[in-house]
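Some notes on the structure that comes next.
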Amino acid sequence: MATEPDASADPERPAAEPAVPERPASLEQFLAGIGTRAFRFAEAGLRQREDALDAVQDAMMKMLGYQDRPAGEWTPLFWSILRRRIIDIQRRRRFRLGWLSPEPRHEDGSAVDWADDGPDPSRAHDGSEGYAQLSAALATLPARQREAFSLRVLEELDVATTARAMGCSEGAVKTHLSRAREALQRKLEDWR
């Protein structure tokens, strides 16, 4: 395992500063930077590309009404809006008559695979197989556990921001996250 050379050993090399995430200058930059992660989050909750795209677009449109808010509030506000939009779509699905809308099929009769073959944005896994395993395991979790895990681990939000986005207490976030991690460890044990 390679280690980085000590900055103090080279007087010409400036000392590394801690990485501080930059605040976007505008709401448009914020939305452009969060779009892919938001889509992955919505796709994990909805399991259909078109619904996920609609949910993200709706959340972004709603965020435009909040551009006068301070930039520090944009992250929890956006995730809260997106989460509520996902829940709305899930509720509507429960009331649809399933037999009226058959499962989409290819021309050859095989079922459509909605999995995304794109690169893994979570950086937790280095390949699409890891992402597929994680997505499948996340899909089996209860909604609150999946949301807590996605926002805390994949999106790297702090506990307070996650609690604001989910509309619950910080203790509830910690409980949901703990249960999600235990369940995922059991489900992903073979993949390690």
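The values are calculated or read from the model by the stated rules, or taken from the named source; none is laboratory data. The model shown is predicted, which means the values in this text are computed figures rather than measured ones. Cβ placement follows ideal geometry from the backbone for every residue including glycine, while neighbour counts extend to all protein chains displayed.
See the values below:
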| quantity | calculated |
| --- | --- |
| Test: residue in the stretch 143-152 that is acidic (D, E), closer than 16 Å to R40 by Cβ and at pLDDT below 90 | no |
| Of residues in the stretch 68-87 being among the basic types (K, R) and in a helix (DSSP H, G or I), the one surrounded by the fewest Cβ atoms within 10 Å (Cβ to Cβ) | R84 |
| Pair list, Cβ under 8 Å, 6 or more apart: the stretch 142-156 residue within 18 Å of G171 (Cβ to Cβ) and polar (S, T, N, Q), other residue assigned to a loop (DSSP other than H, G, I, E, B) and modelled with pLDDT under 90 | none |
| Residue in the stretch 47-67 that is outside any helix (DSSP H, G or I), modelled with pLDDT under 90, out of contact with any Leu (no Cβ under 7 Å at 6 or more places or on another chain) and at positive phi present | yes |
